[in-house]
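Read-outs: derived from the displayed coordinates by stated rules, not from any lab. Just so it is clear, the structure is predicted and the values come from calculations on it, not from any experiment. Don't worry about glycine lacking a Cβ; one is built from the backbone with ideal geometry, like all the others, and counts go over all protein chains shown.
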Amino acid sequence: MEYEKLCGVYHGGSRRQNVALTQEDIARELGVDVRTIQRLKKLQTLSPELQQLIEDGTVKYTTALNVWGKLSYTEQLQLIEELGQEKIKQMTQKKTQQYIDEKNLRARM
């Protein structure tokens, strides 16, 4: 998270400063829950292409975390290419998970 980088927070604590700044400190300062900070950090591990779909409103961040986040970087890109932005936008979290599950089942056959 950009705010954490500015404050020198890595792995939950500061490595650059004598004053330790934790995720809890950041959450309190921003007025959000620690889980929100952790979710935002997790979103940053997704492919840039998927992050853009989240920013555009094509993919909800909860779907990105719960479904897309379980895929590798390559799998994320393949799925984006395969489905296309319009189809992705129409799919619910459940439908996205079902599609991935069916695709994985076909691949094992």
Note to self: Need one number: nm distance between label points at Lys60 and Thr45, each 7 Å from Cα along Cα→Cβ, rounded to one decimal.
What the structure shows: 2.2
Next item on the list: Tell me the label-point distance for the pair Leu77, Arg28, using the 7 Å Cα-to-Cβ offset, in nm and rounded to one decimal.
Entry: 4.2
Check: At Gln85 and Gln98, where each label point lies 7 Å from the Cα along Cα→Cβ, what is the point-to-point distance in nanometres?
Finding: 2.6
Next item on the list: Using per-residue counts of other Cβ atoms within 10 Å, averaged over each peptide, order 65-72, 77-84 from highest down.
Entry: 65-72, 77-84
